[in-house]
Structures are given as structure tokens and as C-alpha cells.
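What follows is a set of notes on a single structure, which appears directly below.
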Number of protein chains: 2
Amino acid sequence: MIKQIEGGVCAPLGFTANGVLAGIKAGRTKNDLALIYSEKPCNAAGVFTKNLVKAEAVKLTRQNLKNGKAQGVIANSGNANACTGEQGAKNALRMAQAAAKALNIASDDVIVCSTGVIGQQINIEAIEKALPNLADGLSKTGNAAAREAIMTTDTVYKEVAVEFELGGKTVHIGTMAKGSGMIHINMGTMLSFMTTDCAISSEMLDSALRETIEGTYNCISVDGDTSTNDTLTILANGMAGNAEITEKNADYALFVEALNQINTMMARKIAADGEGAEHLIECVVKGAKTVESARVLAKSVISSSLVKAAFFGADANWGRILCAMGYSGELFTPEKVSVTFTNSKGTVEVFKNGVPLNFDEDKAKIVLTEKEVQILVDLEEGNCTGTAWGCDLTYNYVKINGDYRT
Amino acid sequence: MIKQIEGGVCAPLGFTANGVLAGIKAGRTKNDLALIYSEKPCNAAGVFTKNLVKAEAVKLTRQNLKNGKAQGVIANSGNANACTGEQGAKNALRMAQAAAKALNIASDDVIVCSTGVIGQQINIEAIEKALPNLADGLSKTGNAAAREAIMTTDTVYKEVAVEFELGGKTVHIGTMAKGSGMIHINMGTMLSFMTTDCAISSEMLDSALRETIEGTYNCISVDGDTSTNDTLTILANGMAGNAEITEKNADYALFVEALNQINTMMARKIAADGEGAEHLIECVVKGAKTVESARVLAKSVISSSLVKAAFFGADANWGRILCAMGYSGELFTPEKVSVTFTNSKGTVEVFKNGVPLNFDEDKAKIVLTEKEVQILVDLEEGNCTGTAWGCDLTYNYVKINGDYRT
């Protein structure tokens with residue numbers, strides 16, 4: 001049984017964290033610099049943005065994770081350190097070195113992440129100055145300070161931790177992430193940091209991470225933009241004392257199941273707190289021939305600006321759902337499709353086997369006005385299901401992004 | 001020389017048009033039903049939506065154009081007649097038959113187009129009732145009534161006509177289109193109707209149409225949604241008396257050049273009047289290895305929600321341009337790229353060979369506040385250029401689409 005617990009990235013044995021306000025971006029009053037540390041060296045893995053234009057932190061962290069080892073994470077908000085040329089590369093390295101010095105570990109065992117505006121040089125002096133205090137303050141309750149430091153336009157922090165039994169030992173996994181904008185499906189994720197005390201080889205850790213993101217972080221979209229900085233990393237320090245997972249056995253399967261559970265919760269949290277979002281839209285496509293096909297269709301629906309705007313207006317404009325499925329590139333038979341809106345307030349069937357239904361508009365309004373709405377699409381062509389998560393397109397999304405830089 | 005003239009779809013010899021208010025959608029006060037007629041039978045060609053979910057009118061018109069012949073166009077706004085099942089198919093056919101009867105031509109020589117809300121049955125009786133009067137009123141100045149009838153959320157009509165000499169004869173091409181929303185690059189277009197008195201075979205007409213859309217209608221995006229109804233058709237009645245174009249000779253090249261010119265103007269008009277738009281964004285990518293690559297990059301930039309929102313705020317957030325290029329799937333060297341904003345108010349260079357510049361923010365604000373802004377990207381990798389057109393993402397886009405159906 002996989003049980004949800006408190007503590008975020010500090011929930012696993014041996015991990016501490018902290019966050020401080022370093023003053024990276026003028027005017028910020030929340031923390032902007034986060035540190036995560038494991039008292040034992042970790043096996044580590046990461047998934048990164050597929051964007052050709054990569055932030056300097058991404059380039060450095062990919063390099064540092066090549067040996068499958070790491071022991072600490074330094075992450076800032078307020079500046080993406082992307083499109084910053086040679087100076088940006090030097091600054092990313094200085095960030096790793098400053099963290100390494102404060103933690104007394106090797107600088108290539110540091111994971112570096114940045115998020116914020118693209119194309120401005122980062123205030124590296126502020127980061128270097130803040131690091132000794134940041135490291136001194138590391139604690140088992142520091143997840144609260146750390147999770148705040150990675151928030152940009154996020155309105156709530158995103159954090160989950162779970163525990164489960166593995167061969168008689170209790171294993172923990174914790175995670176925190178930032179979300180909000182420049183989020184799309186063709187990515188690793190935005191910034192997401194996972195920790196675990198599970199004993200697992202670097203190779204199996206990497207494999208588990210890649211398995212879990214396909215149906216979780218890769219199934220969310222806020223605005224169709226894949227950022228330059230997307231990074232998802234996991235550190236495993238083995239302190240739970242379980243028999244190390246070195247092959248795809250039953251323990252591996254359970255570990256992946258736990259990752260899926262934790263990352264599904266995080267995916268929902270990120271979509272629900274998309275920039276300006278008032279509604280979480282969950283699209284479930286069932287009756288597909290393959291899981292991949294179902295996911296492509298579900299992602300196309302939740303990525304459509306017109307579907308998103310209709311949800312903002314609580315308008316049961318289901319034709320846009322069919323339209324978005326139609327341009328997804330996946331094959332299906334429109335004449336077989338059924339569409340239903342559902343949540344705790346009720347269920348409204350609007351389209352049945354290719355024919356529009358006369359549905360109760362008042363009831364639809366009540367369902368669609370809720371914070372969370374599920375779009376259920378049945379293709380009636382197979383037995384596979386895929387789910388994707390998005391949010392509505394609101395005035396506030398436009399407002400936030402019309403004046404983000406200044 | 002290709003000269004711009006008045007008259008829209010009625011500019012070519014032998015073409016008349018009209019528009020009336022048939023009452024297809026309750027509350028509309030503008031015309032909603034348009035008719036175009038050629039006194040002589042025409043060679044005809046069409047390009048249609050690539051959306052798997054196709055409107056009933058699209059299915060019928062594709063069928064009717066298979067023989068490369070047509071003589072009239074009937075088009076309505078207020079209802080897309082898409083996702084309407086068998087009854088919708090019957091209604092599209094009744095629309096063709098009613099127009100054919102009023103024009104005294106064969107029903108398979110009628111091009112049928114619909115635009116509006118998806119998933120509701122069309123008021124076919126209103127259309128049938130209006131058709132005799134609509135046909136009686138056909139005239140050489142009826143382009144004004146017709147161009148109004150195809151507008152949905154458009155704030156201005158889109159119409160262009162040109163004339164040029166071909167072998168000593170004056171040839172005319174006219175066009176009208178609706179634009180505004182559910183517009184994206186992977187399409188034929190929205191509804192667009194072209195007429196010409198040029199003598200040209202069906203085969204060459206089809207070829208010319210496909211050649212011209214790649215760099216015009218297929219290079220615009222308003223919101224990333226490809227509609228179920230996109231249709232671009234052209235009717236050529238040969239009345240200009242030029243030697244019929246039956247091969248890809250110099251006359252063909254000139255005809256394609258005229259099509260390119262007219263459709264570039266229309267593409268700009270459609271992007272500038274995108275739903276809620278306050279700015280026309282033209283992205284020119286030069287120094288590319290191929291035209292296709294340049295276009296893919298330009299399209300990715302003008303399709304980005306974050307770039308669009310930044311333009312709404314007149315914010316020189318050029319990092320988002322690099323980001324959008326980076327996830328386009330095209331290869332380029334970020335370290336070589338330069339980015340400039342330019343228009344009649346001035347030129348501001350913001351990124352030069354991979355390095356951010358300290359630019360004058362006040363001057364940038366002045367340039368970006370203008371109605372039309374050009375983003376000039378230089379890849380420095382080749383000699384090819386591609387252009388795409390889009391618009392900003394505004395509160396009004398969200399407002400219009402949050403409550404479109406009701």
C-alpha cells in the first residue's frame with residue numbers, strides 16, 4: 001500500500017532542505033533560492049527539456065548527471081539563465097561551485113536549476129552571498145522554505161510525499177515542483193525535484209523516471225509552450241535499507257507504481273495552478289486502440305485554446321473538443337465518438353455515437369462551474385485509456401504574461 | 001505588373017454575388033448567407049481542412065469539386081454544420097440543391113461552405129426560404145453584401161482584387177475570406193473564396209492554388225486550432241480571353257505570382273483581425289538553410305501563447321521568441337541567432353549572435369505599441385527566408401471565446 005505522508009523532499013531518510021530570499025529579482029518578497037541535500041551520496045537521474053534552446057543550468061546539470069551520481073540541488077527562481085551566452089555558462093558553474101563549497105561536496109555532484117525570465121544575466125553575486133546561510137539552515141522541516149523558493153507565478157506550492165513497504169523496509173519518496181506557465185506536453189516537466197531513500201541503481205532509477213513521466217508530467221499543458229529550463233531530477237540515497245533494486249523485478253514495479261502515484265498528484269496540482277487558471281480540466285479518452293493514441297487525443301483536447309476559453313466561460317461547447325481531437329493527427333471514427341462532462345455535481349452527456357444530444361444547459365452550467373471538470377471521451381474502438389490535465393484560458397493568463405518581464 | 005483594384009469576388013468578368021440575412025442564428029443583424037455565381041461554367045479547385053473531423057459542407061464540396069468544375073458558391077455563417085450526423089449531411093445537400101435550383105445549374109456544380117458553432121443542426125428551412133431572393137439580387141456590386149455574410153467574429157471584412165496582363169488580355173482575380181478564430185497553420189484556410197476570369201485548366205488551377213497557400217494561408221495562426229470547416233476555393237471562368245494556361249509556362253508563373261500577392265494580403269488581413277487582436281505580428285526568419293525551415297520557425301514564433309501575450313503587453317520579452325524557435329523541431333544554432341523588432345516607428349536590436357543586448361526599453365515600447373510589428377530573426381546559416389503572420393493574445397480573445405456559443 002502506498003500511503004501519502006507529510007514532509008515533501010525531506011520525507012525520505014537523510015534528506016534536508018532550505019530556502020532563503022537571496023534577492024535575485026528586485027521586488028520579490030518570497031524566498032528565491034532553494035537547497036536540497038542528502039547526507040549520503042545518491043544515485044541520481046534526470047529528464048530535461050526537449051527545447052533546442054537550453055538554459056545554462058540544464059546544460060550543466062545534464063553533464064553533472066552523466067555518471068548517475070549527485071548529492072545536492074541548488075535552484076533559483078527569478079531568472080532562467082537562458083540565452084545568456086558564455087557569461088551565463090560561467091554563472092551556472094559558479095552556482096554549482098558555491099553550493100558545493102557550502103555543502104562540502106564535489107561541484108559535479110550538484111544539480112543546478114533556474115527558472116524565471118529568459119535573456120537576462122543572473123545576479124550570481126547574490127546567490128554566492130546567500131549560500132553559506134542557506135546551507136547552515138538545512139533541516140528536516142526545510143521543505144517548506146525550499147518549496148516556496150522555486151515558485152514563480154505559482155499561487156500554491158506543489159509538494160507530495162509517500163511511503164510504502166519494500167521487502168520489509170519502509171521506503172519514502174518526496175517531491176516538490178514549480179509549475180504555472182510555459183508548460184507543455186513535449187517536455188521533461190518544469191522544475192521538479194524528487195528525493196527517495198530507496199536503494200536503487202542509477203540505471204533502474206533512470207528507467208523508472210522515464211517510465212513514470214509519460215503518463216504524468218508529459219500529459220499536462222498550460223499554454224503549449226515548452227520552456228528552455230524544464231528539469232525533473234531524482235536523488236536516491238539508499239538509506240531505507242531495502243535490497244537494492246538492480247533489475248526490473250517486483251520491487252521495481254512497486255517503486256514505479258509509487259512514482260506514478262506521486263507524479264499523477266503533482267501533474268494535477270500543476271495543471272490546476274496553471275497561470276491564471278480557474279478550472280482543472282481532466283480529459284479521459286477511453287475505448288482507444290492504444291494508450292499512446294488515447295493520450296495524444298486527450299492532450300490535444302486540453303491544449304486547445306478554444307476548449308480552454310470555453311471552460312473559462314463554463315460553456316458546454318463540446319464541438320471544440322471534437323475539433324481538437326480531429327487535428328491531433330490520431331485516427332478515430334467521429335461517428336462512434338461519445339462525449340460526457342462529469343464531476344461531483346453531476347454528469348451531462350452531450351454527444352453520443354456521432355450525434356449531438358439535446359442536453360440540459362442549466363445542469364451543464366452547474367457541472368462546468370465547478371473547480372474540477374472531467375471530459376470523458378469514448379472512442380469505442382478498443383480497450384485503452386489515456387488521461388491528460390490542463391486548465392482554462394483566462395483574462396489572468398493574458399494579464400500575467402502581458403507584463404511578466406517588468 | 002499586378003495592380004490592386006476594387007470589386008472583390010465580382011472584379012473578374014462574368015461573376016456576380018449577393019448576401020442576405022436569412023436568420024440562421026438568432027439575434028444576428030448582419031447578412032448570414034452569401035452567394036457567388038459565374039455566368040459561364042468554371043474550372044474550379046479547392047483546398048480543405050486537414051482536420052479528421054470535417055464539416056458536412058466540406059465533405060460535400062470535396063465531392064462536388066472532384067471533376068474540377070463548378071459554377072456557384074453558397075456559404076453561410078452562424079452554424080458550422082459539423083458533428084451533426086446524418087441529418088447534417090442531408091442539410092448540406094439540401095443547401096446545394098436549393099442554390100442549384102435558384103441558379104438553374106446542377107447541384108454538383110455548387111460549392112457549399114458553412115461556418116459558426118459546431119454540433120448544432122443548421123436552420124435549413126431559413127436558407128431554402130432565402131435563396132430565391134438571394135439569387136434574384138445577384139449583381140456586380142454584390143461583393144459588399146456577400147463579404148459581410150461570411151463574417152463571424154471578424155471585425156472587418158477581408159477582400160482583395162487584382163488585375164494584370166496575360167498575353168495582351170487583362171486578367172482579374174478577386175477574393176473574399178472570413179477569418180478571426182480557430183485558425184492555425186496546418187490547414188487549407190478558413191473560408192476563402194477566389195474568383196478569376198483567367199482561362200486556366202482545372203489541373204493547373206489546382207496546382208497554382210496548392211503552390212500559393214504554402215507561403216500565405218498556411219503561414220498564419222490566430223489560436224492554434226485548425227477548424228473543421230476550412231475551405232479555400234477558386235473558380236475560373238476563362239472570360240478574360242487569354243490563351244488557356246494548360247502547362248507550367250510563363251503565364252502560369254505570372255498567375256501564381258498574382259495569387260501569391262493577393263493571398264499574402266489576405267493572410268495579413270486575417271491575422272491582423274484575429275479574434276481580439278490589437279497587433280499584427282509578422283515574423284520574418286532569414287538566413288535559413290531552406291524556406292521550409294524558415295517558415296516552420298516563423299510559424300512557431302507567431303503561434304506561441306507567451307509571445308502573443310507579450311505583444312499584448314508591448315513587452316520586449318524576446319526570450320520567448322528563442323524559446324518558441326527552440327521547440328519548433330527545426331535545427332539551428334542558438335549562438336548565431338540575432339533578433340530585431342522593427343516597424344515604421346523604429347528598429348530595436350535585442351539579441352545579437354547569441355548574446356543579449358542592452359537595448360533602449362523606452363524605444364522598444366514605442367515600437368511594440370504600434371499596430372503592426374515585425375520580428376526579424378537572422379539565423380546566419382543560409383540564404384532562405386520565411387514569413388508567418390499572427391496576432392497578440394488579448395483579454396478580448398478570452399472573452400469572445402469564453403461565451404461564443406450562447
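Please treat every number below as a calculation from the coordinates, not as lab data. All figures in this text were calculated on a predicted structure; none of them were measured in a lab. All Cβ positions, glycine included, derive from the backbone under ideal geometry; neighbour counts span all protein chains shown.
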Handout entry: Part-to-part distance (alpha-carbon centres) for the range B:362-398 and the range A:146-175, which is given in Å
Key = 41
Handout entry: Beta bridges per DSSP with both ends in the range A:277-406, % antiparallel, nearest 5
Key = 75
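As a check on your grasp of the helix formula, calculate [θ] at 222 nm for the protein assembly as shown: sum -39500 (n - 2.57) over DSSP H runs of n ≥ 4, divide by the residue count, round to the nearest 500.
On the way: 22 runs with 258 residues, N = 812.
My calculation for the protein assembly as shown gives -10000 deg cm²/dmol from helical runs alone.
Past 24 Å, Cα to Cα, is the threshold; run B:LYS90/B:LYS399; A:LYS299/B:LYS371; B:LYS289/B:LYS352; A:LYS363/B:LYS54; A:LYS286/B:LYS178; A:LYS365/B:LYS399 against it and keep the listed order. Each step should come with its number before you reach the end.
Numbers: B:LYS90/B:LYS399 34 Å; A:LYS299/B:LYS371 34 Å; B:LYS289/B:LYS352 19 Å; A:LYS363/B:LYS54 29 Å; A:LYS286/B:LYS178 36 Å; A:LYS365/B:LYS399 17 Å.
B:LYS90/B:LYS399; A:LYS299/B:LYS371; A:LYS363/B:LYS54; A:LYS286/B:LYS178, as the Cα separations exceed 24 Å there.
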Fill in the blank from the handout: Helix B:85-103 sits off the longest principal axis of the Cα atoms of chain B, rounded to the nearest 10 on a 0 to 90 degree scale, by 60
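Can you bin the range A:83-151 into rounded, prolate or oblate? Criterion: square roots of the alpha carbon gyration tensor eigenvalues sorted a ≥ b ≥ c, rounded for a/c under 1.5, prolate for a/b above b/c, oblate for the rest.
Working: a/c = 2.13, a/b = 1.39, b/c = 1.54.
Since a/c reaches 1.5 but b/c is at least a/b, the shape of the range A:83-151 is classed as oblate.
Once you sort the root eigenvalues of the Cα gyration tensor of the range B:263-395 as a ≥ b ≥ c, which label holds: rounded (a/c under 1.5), prolate (a/b larger than b/c) or oblate (the other case)? Mind showing how you got there, number by number?
Working: a/c = 1.66, a/b = 1.17, b/c = 1.42.
Note, shape of the range B:263-395 comes out oblate.
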Handout entry: Phi-based couplings in Hz for the range B:298-304 (Karplus 6.51, -1.76, 1.60; Gly and Pro marked x)
Key = 4, 5, 5, 5, 6, 8, 6
Problem - Cβ neighbours within 10 Å from other chains - mean over A:274-287 - result: 0
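Kindly identify the range B:40-167 as rounded, prolate or oblate by the Cα gyration tensor criterion: order the square roots of the eigenvalues as a ≥ b ≥ c, call it rounded if a/c is under 1.5, otherwise compare a/b with b/c, prolate if a/b is larger, else oblate.
Because its axes are fairly even, with a/c under 1.5, the range B:40-167 counts as rounded.
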Practice task
With N denoting the number of residues in the protein assembly as shown, provide Rg(C-alpha) divided by 2.2 N^0.38 Å, to two decimal places.
Solution key: 1.02
Problem - ³J(HN,Hα) computed for each position of the range B:383-390 - Karplus, 6.51 cos²θ - 1.76 cosθ + 1.60, integer Hz, glycine/proline x - result: 10, 9, 10, x, 10, 9, 10, x
Fill in the blank from the handout: Amide H neighbours of A:PHE351 at under 5 Å, excluding residues fewer than 5 places away on the same chain, with H built from the backbone geometry, are A:VAL339, A:LEU357
Practice task
Work out how far the C-alpha atoms of chain B reach from end to end along every principal axis, then list the three figures in whole Å, largest first.
Solution key: 67, 53, 34
Handout entry: Exercise: per-residue mean of other protein chain Cβ atoms within 10 Å, B:321-334
Key = 6
Handout entry: Per-selection Rg to Rh, the range A:235-316 - Cα, Kirkwood hydrodynamic radius
Key = 1.13
Fill in the blank from the handout: The long-range amide H neighbours of A:THR195, using H built 1.01 Å from N in the peptide plane and a cut-off of under 5 Å, are A:GLY174, A:THR175, A:LEU235
Completion exercise
Rounded to the nearest 10 degrees, the helix A:124-136 long axis (Cα) sits at an angle to the longest Cα principal axis of chain A of 80
Exercise for the section: Any chance you could give the angle, 0 to 90 degrees and rounded to 10, that helix B:202-213 forms with the longest Cα principal axis of chain B? Expected result: 30
Practice task
Using Cα positions and a limit of under 21 Å, work out the lysines in reach of B:LYS69, with same-chain residues fewer than 8 apart set aside.
Solution key: B:LYS40, B:LYS59, B:LYS101, B:LYS248
Practice task
Per residue of the range A:264-279, in order, report the coupling 6.51 cos²θ - 1.76 cosθ + 1.60 (Karplus, θ = phi - 60°) as ³J(HN,Hα) in whole Hz, putting x for Gly and Pro.
Solution key: 5, 4, 5, 4, 5, 4, 5, 5, 5, 9, x, 3, x, 5, 10, 9
Problem - Inter-part distance where the range B:224-270 and the range B:64-133 are each reduced to a Cα centre, Å - result: 23
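Which whole number gives the average, over all residues in A:392-398, of C-beta atoms from other chains lying within 10 Å of the residue C-beta?
Partner-chain Cβ atoms within 10 Å, mean over residues of A:392-398: 6.
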